[in-house]
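First the structure, in the form of structure tokens, and then the observations on it.
The values are calculated or read from the model by the stated rules, or taken from the named source; none is laboratory data. Since the structure is predicted, the reported quantities are computational estimates derived from the model, not experimental observations. Cβ atoms come from the backbone with ideal geometry, glycine included; neighbour counts cover every protein chain shown. Areas reflect the complete protein model, heavy atoms only, side chains present, ligands, DNA and RNA absent. Shrake-Rupley method; radii C 1.70, N 1.55, O 1.52, S 1.80 Å.
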Amino acid sequence: MKKIIFSIILIFVVLSVNAQNKQILRDDRSLEPKSSNSKFSDSTDNRSFSKSKGVKNPDAVITDYLIITSERDTTYLDTTLSIKKEYKYNYLRRDDFGLMPFANVGQTYNSLTHNFSDNNLLPKFGANAKHFNYLNAEDVNYYHVPTPLTEIYYKTAFTQGQQLDAFFTVNTSKRLNLSIAYKGMRSLGFYQNSLSSTGNLRMTASYKTKNNRYIANMHFTSQDILNEENGGITDESIEFFETGDEDFLDRGVFEVNFENAESLFLGKRFYLNHTYDIIKQNDSTQTNKLQVGHVMMLEDKIYKFEQSRSDDYFGEAFKTSNLVDRNEYERFYNQLRVDYTNGIIGNVQFNVSHNNYNYGYDKVLYLDSGTIPNRIKGDILSVGGKYKKQYKGFLLSGEAQLNVVGDYDSNFLSAKARYKLSENFDASVGINHHSVAPNFNTLLYQSDYVNYNWKNNFNNIKTQQLVFDIKSDKYVNLSLDFNTITDNVYFAKNEDGNVKPFQNNATITYLRAKLQKEIRYKNFALDNTILYQNVSDENNTLNVPQIVTRNTLYYSNHVFKKAMFLQTGIIFNYFTEYNMNGYDPLLAEFYTQNQQKLGGFPRLDFFINAKIRQTRIFLKAEHFNSAFTGYNYYSAPNQPFRDFAVRFGLVWNFFL
């Protein structure tokens with residue numbers, strides 16, 4: 001109740017503060033296509049800044065605040081309030097459809113669906129459960145703004161703690177932009193030994209010369225993800241959880257598998273992408289452009305699991321106290337490329353890449369069963385190319401790359417054809433082929449626990465994918481992909497109950513069909529997202545629910561003489577029962593299990609969101625049905641999902 005009262009006070013405070021703030025934008029057009037029905041839009045018609053004294057650039061408009069991706073695709077700032085903003089208002093700050101969060105914020109997510117369209121040529125580090133909140137190089141954006149811009153994201157956490165993401169960017173000149181951002185989160189959680197504490201620091205710089213021939217984007221990130229680990233509640237506690245007995249509604253009374261462990265994931269990266277146009281001709285007669293480019297990336301990752309005393313949960317240990325498992329990964333990447341663009345042949349790119357990698361541990365381990373080395377390191381030289389051309393309404397594109405020197409024989413190939421029939425209908429079809437070695441932590445692992453030591457020589461994982469997409473907000477958004485996966489590597493428990501990596505010698509076929517459609521009537525809307533999945537795997541190593549659905553019924557309108565735009569409604573989430581993957585906190589990996597089916601429970605959220613000027617305010621009653629639809633909700637075996645909670649926060653943009 002205190003949170004609800006505080007959120008109401010917060011709304012009125014923001015309303016009064018913004019009413020006095022005349023340095024505002026007059027245009028809030030979304031990046032996403034909008035309906036012609038003005039009742040579902042919170043934008044206004046005036047497209048300029050207020051010409052008050054404090055505004056440095058009174059002629060700036062919202063479309064001048066540019067967001068530039070790593071591929072140099074450009075969009076602009078979006079300060080609207082829409083149902084898509086509700087879906088993205090979470091710890092990850094992106095739509096988390098297809099992910100099942102754990103009980104505490106900042107813990108991991110169980111994947112309800114899988115995408116096999118990767119194009120990496122090196123094995124990945126591993127510790128996949130720690131990477132949901134990890135920003136890769138392609139996740140970092142760059143900016144160009146006419147005046148300094150600040151964004152504040154805030155959201156409450158559980159029991160003790162908060163979430164905050166603060167961002168600031170400024171153009172010191174028309175050619176140089178700088179930005180800095182930090183997302184921090186700390187949440188104690190409801191279960192014993194489940195604290196989460198994370199931080200994501202991002203700093204970017206963008207520069208271009210006066211003639212725009214030379215362009216450079218660079219960034220630095222430093223990220224840490226700390227979790228106390230408890231292995232979930234004990235098997236004996238499950239019965240007490242599912243009965244809903246009032247004596248156990250305080251989740252802190254449940255006995256967990258252990259209370260003396262924590263995991264820490266660290267990552268730092270420096271990234272530079274710069275290009276120079278040797279030839280740049282673009283006039284009414286022809287287009288000719290010859291560009292050279294260079295990408296450099298230096299990235300370090302460390303994963304550490306610590307436990308004060310050994311526990312039978314993980315089996316026999318080499319020592320009884322102060323157990324520390326630590327592995328690290330260093331990668332130095334360089335790519336040189338040449339791009340040629342011509343109005344007749346299109347855009348052609350040739351590139352050469354070099355990877356230096358170093359993964360492993362500080363010592364060689366000698367066991368009765370054999371020797372476990374401490375390092376996997378080496379150099380990889382790759383060559384590749386890209387092609388893109390507009391031809392009679394079709395946009396044709398393709399990309400290929402393969403390793404020519406080094407220990408890993410990896411390659412990928414992708415091709416895509418896109419056709420835009422009208423402004424409201426876009427269709428595409430594509431094919432992808434990928435062959436790569438499995439993650440490093442499946443090839444080599446060392447631990448203070450006896451059963452978590454291995455050195456494997458697995459075959460490459462080979463995937464083929466056929467993709468078909470239709471994008472039309474007017475009719476339907478549909479995506480369909482058919483995948484075949486050969487020699488898939490996965491984690492599972494062996495006959496002794498120990499989690500280890502295995503390779504599936506059979507071919508898996510995996511079909512996904514995702515449909516999204518919003519139906520509107522006056523001020524009401526029903527937004528539907530439905531995912532159908534079908535897996536054929538004789539060894540049952542890839543388990544997913546057959547149906548995943550999210551349905552939102554909501555109301556939108558301007559209130560208080562259009563001083564505030566309001567959206568309120570109910571979100572229904574559901575996935576069918578299936579053999580849900582288990583979680584191993586020592587590895588920070590999910591493992592396949594076929595003994596326990598979970599799922600089949602509804603999740604209902606009630607939300608009230610409001611927009612006042614450039615501020616979006618969010619209030620949500622999460623999982624309000626938990627007390628009356630049964631205590632059978634889990635994020636993984638022995639890992640109950642969160643109970644009913646009221647949470648609130650805001651996203652606030654400042655324009656100086």
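Quick notes on this one:
- The mean accessible area for residues of the stretch 527-632, using a 1.4 Å probe and ignoring ligands and nucleic acids, is 38 Å² per residue.
- Heavy-atom accessible area order for Trp652, Trp454, largest first, 1.4 Å probe: Trp652, Trp454
- Per residue accessible area of the stretch 198-337, 1.4 Å probe, in Å²: 50 Å²
- Near Ala513: Cβ cut-off under 14 Å, other residues only, Lys/Arg at +1 and Asp/Glu at -1. The net charge is +1.
- Alpha-carbon centroids, the stretch 602-656 and the stretch 540-566: separation in whole Å: 11 Å
- When the residues His274, His354 are ordered by accessible surface, computed with a 1.4 Å probe over the protein chains alone, the sequence from largest down reads His354, His274.
- Taking only protein heavy atoms and a 1.4 Å probe, the accessible area of the stretch 563-651 is 57% carbon and sulfur.
- Top positive-direction residue, dipole computed over the chain with Cβ charges, set Gln223, Leu587, Tyr87: Tyr87
- Extension gain for the segment Asp312 to Asn356, taken as residue separation times 0.36 nm less the Cα-Cα distance, is 12.0 nm to one decimal.
- Greater than 27 Å apart at Cα, pairs in Lys124/Lys455; Lys210/Lys611; Lys84/Lys420: Lys210/Lys611
- The stretch 96-224 - percent of accessible surface contributed by carbon and sulfur, probe 1.4 Å: 55 percent
- Of the cross-linked pairs Lys88/Lys155; Lys88/Lys514; Lys462/Lys514, those separated by over 21 Å at the C-alpha level are Lys462/Lys514.
- Distance histogram in 10 Å bins (all Cα pairs of the stretch 357-483, percent per bin): 11, 27, 23, 18, 13, 7, 1
- Per-residue SASA entry for Ser369, accessible area with 1.4 Å probe, Å² rounded to 10: 110 Å²
- Portion, in percent, of the accessible area of the stretch 385-506 that falls on carbon or sulfur, probe 1.4 Å: 55 percent
- Comparing Leu188, Thr113, Asn424 along the charge dipole axis of the chain, the residue lying farthest to the positive side is Asn424, per the Cβ-charge model.
- Charge dipole (Cα centre; +1 on Lys/Arg Cβ, -1 on Asp/Glu Cβ; no other charges) of the chain amounts to roughly 4020 debye.
- Here semi-axes √(5λ) of the Cα gyration tensor in Å was calculated from the structure, and among (1) 39, 35, 25; (2) 44, 38, 21; (3) 49, 25, 24 it sits at label (1).
- Given charges at Cβ of Lys, Arg, Asp, Glu: the stretch 298-362 dipole, positive-most of Tyr340, Ser310, Leu323: Tyr340
- When the Cα convex hull of the stretch 547-656 is projected onto planes of every orientation, the mean area is 10.3 nm².
- Estimated 222 nm signal from helices in the chain, with DSSP H stretches of n ≥ 4 weighted -39500 (n - 2.57), rounded to 500: -1500 deg cm²/dmol
- Candidate aspartates and glutamates - alpha carbon under 15 Å from Lys183, same-chain residues fewer than 8 apart omitted: Asp139, Glu151, Asp165, Asp224
- Sites listed here are chymotrypsin sites (Phe, Trp or Tyr not before Pro) in the stretch 522-587 whose DSSP assignment is loop and whose Cβ has at most 11 other Cβ atoms within 10 Å: Phe560.
- When both the stretch 148-208 and the stretch 304-353 are represented by their alpha-carbon centers, they are found 23 Å apart.
- In the chain, excluding the sites themselves, the longest stretch lacking any of the GluC sites (Glu not before Pro) that are in a DSSP loop with at most 11 other Cβ atoms within 10 Å is 72-315.
- Accessible-area value, Arg647, 1.4 Å probe, nucleic acids and ligands omitted, Å²: 10 Å²
- Prolate/oblate/rounded label for the stretch 281-404 (Cα gyration tensor, a/c 1.5): prolate
- One decimal place: the segment Tyr207-Leu249 gains 9.6 nm when fully extended, by the rule 0.36 nm per residue minus the C-alpha distance.
- Ligands, DNA and RNA aside, Ile530 has an accessible area near 70 Å² when probed at 1.4 Å.
- Relative contact order of the chain, defined on C-alpha pairs under 8 angstrom at six or more residues apart (%): 12 percent
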